[in-house]
1. So for segment 495-508 (the condition being more than 16 Å from the ligand (Cβ to nearest atom), surrounded by 15 or more Cβ atoms within 10 Å (Cβ to Cβ) and in a loop (DSSP other than H, G, I, E, B)), does at least one residue qualify?
2. In this structure, does residue 344 turn out to be closer than 30 Å to residue 42 by Cα, exposed (fewer than 15 other Cβ atoms within 10 Å of the Cβ), within 16 Å of the ligand (Cβ to nearest atom) and more than 22 Å from the chain's Cα centre (by Cα)?
3. Residue 244 passes all but one of (1) more than 16 Å from the ligand (Cβ to nearest atom); (2) touching a residue at least 12 places away in the same chain (Cβ under 8 Å); (3) within 30 Å of residue 486 (Cβ to Cβ); which number fails?
4. Kindly provide the set of residues from segment 190-205 that are more than 16 Å from the ligand (Cβ to nearest atom) and assigned to a helix (DSSP H, G or I), ordered by number.
5. Among the numbered criteria (1) more than 16 Å from the ligand (Cβ to nearest atom); (2) within 24 Å of residue 488 (Cβ to Cβ); (3) in contact (Cβ under 8 Å) with a residue 40 or more places away in the chain; (4) within 23 Å of the chain's Cα centre (by Cα), which one does residue 292 miss?
6. Restricted to segment 159-172, and to residues that are surrounded by 15 or more Cβ atoms within 10 Å (Cβ to Cβ) and more than 14 Å from the ligand (Cβ to nearest atom), which residue is farthest from the chain's Cα centre (by Cα)?
7. Among the residues of segment 470-483, is there at least one that is at pLDDT 95 or above, within 30 Å of residue 247 (Cβ to Cβ) and either buried (at least 22 other Cβ atoms within 10 Å of the Cβ) or under 17 Å from the mean Cα position of the chain (by Cα) (or both)?
8. Which one of 287, 322, 300 is more than 16 Å from the ligand (Cβ to nearest atom) and surrounded by 15 or more Cβ atoms within 10 Å (Cβ to Cβ)?
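The values are calculated or read from the model by the stated rules, or taken from the named source; none is laboratory data. A quick note: this is a predicted structure, and the numbers were derived from the prediction, not measured. A quick note on method: Cβ atoms are made from the backbone with ideal geometry, for glycine too, and the neighbour counts reach across all protein chains shown.
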Ligand code: NA7
């Protein structure tokens with residue numbers, strides 16, 4: 001006999017936790033299904049050495065509870081994975097969410113039963129649940145992408161994937177370690193692995209731009225002063241064309257600052273602006289000159305600035321050149337934020353192998369065979385990314401009206417209205433889905449905005465006696481076209497990144513996140529709701 005509920009939530013990361021809190025408080029019956037053994041989502045799985053958030057702790061945290069944000073003390077400017085996981089666990093305990101979560105439970109299918117107007121959700125533990133609404137809180141980066149390199153399974157040494165790191169401690173002492181992948185995960189892990197290993201070989205296919213985090217322990221007096229304005233900072237995170245990170249001045253800005261345009265600066269001024277941003281640290285570097293992601297010249301200038309930094313830091317000129325990205329505009333692949341990344345290549349026991357010059361032929365039981373040499377390894381780490389944004393949704397068998405599967409509906413790329421719902425899948429919501437700012441934004445800001453919007457929508461439906469919601473095809477088509485038009489007005493599509501699905505063979509090349517910024521997006525969502533949920537059909 002299937003258990004009947006108002007809402008089934010898939011995933012107990014930050015989105016699932018906040019959904020659980022809001023749904024529970026609204027008096028609805030809810031169950032959260034989570035494949036991990038604990039809460040935390042991304043921060044439960046990604047335990048690789050050096051894993052930490054590339055957004056600042058005081059921004060990358062929930063704002064829905066003033067007492068929570070005041071009592072929780074972050075230790076560093078950028079929190080490490082164990083601290084973020086502890087925060088997620090604290091939220092689960094403090095708001096008594098665990099009784100509503102089934103752990104070690106993977107959703108295998110979700111099917112819309114037209115006659116009953118319910119979702120039937122089946123799990124790998126044999127559960128069958130029926131609910132009026134199903135909300136996917138499955139995360140944007142939760143399905144690891146394993147590279148198709150010949151012989152990967154034949155390696156006889158120790159093997160680790162960054163996003164599926166074991167829970168027990170791993171050490172690299174006395175070992176010859178190799179790592180494949182130089183995205184955010186690799187760039188965080190490399191300096192930490194190098195600090196332990198006897199020898200580290202980095203296998204790099206495409207170099208990425210990275211800026212220093214300028215991480216440090218947070219000064220308690222500064223934190224107290226910042227938190228005395230927390231409400232105003234949080235409000236600033238919600239507005240403007242940016243990503244929702246706000247800034248670090250203690251006193252919040254009264255209005256978003258006008259962006260500095262490249263054309264308004266002399267070369268010396270532009271250099272000074274970037275130098276200041278480099279010293280201040282973090283991904284905010286990309287916003288220092290406001291049109292870096294819009295204007296080819298502004299972008300080329302920022303690229304050259306970082307190239308110079310790399311050449312200054314890395315002593316060996318051949319290594320330095322190999323580390324300089326030249327195949328994509330800066331920021332069109334996610335900018336990395338590092339601690340001593342480029343400096344690590346100055347150590348004698350660290351070697352960069354440029355796979356563009358010496359490709360991997362195969363992995364052997366003993367190491368990596370390049371076309372030019374064999375490199376013997378005791379340990380191999382892969383940090384090769386994710387099937388981003390659609391991976392988790394398409395891995396489940398999600399079936400909507402008339403037997404239409406999500407795989408078929410999204411065959412030529414994800415189609416959503418506002419990144420919240422998709423036509424032919426009534427009462428199925430997504431949190432930070434494709435077509436919303438999601439990975440281009442502070443995820444916590446976007447998660448709260450989506451969850452609040454969905455809860456308001458459910459309240460509105462309940463008040464008006466409506467049982468079914470679904471976007472119209474026209475509204476969806478218009479939104480999909482708008483998301484592409486916004487992306488095409490930027491340099492993002494030139495990045496060839498996982499934002500476009502370019503890292504997964506056969507995945508349609510569609511720019512998935514909404515690039516207009518969190519402020520305009522929030523305004524659209526609010527306007528749609530105020531206008532009787534324009535673009536949605538109800539029954
Ligand atoms: P990314 O950013 O997708 O990086 C994956 C890296 O793995 C990237 O350098 C890839 O090189 C490399 N890769 C993938 N397949 C191969 C093969 N077959 N051979 C060599 N190198 C390969 O994933 P991350 O986990 O680092 O970061 C994802 C996000 O997580 C990040 O932005 C944060 O938001 C958190 P390529 O570029 O494809 O040449």
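1. The answer is no, given that none of the residues of segment 495-508 is more than 16 Å from the ligand (Cβ to nearest atom), surrounded by 15 or more Cβ atoms within 10 Å (Cβ to Cβ) and in a loop (DSSP other than H, G, I, E, B).
2. no
3. Failed condition: (1).
4. The one that is more than 16 Å from the ligand (Cβ to nearest atom) and assigned to a helix (DSSP H, G or I): 194.
5. The one condition residue 292 does not meet is (3).
6. 172
7. Within segment 470-483, one or more residues are at pLDDT 95 or above, within 30 Å of residue 247 (Cβ to Cβ) and either buried (at least 22 other Cβ atoms within 10 Å of the Cβ) or under 17 Å from the mean Cα position of the chain (by Cα) (or both).
8. Answer to the selection: 287.
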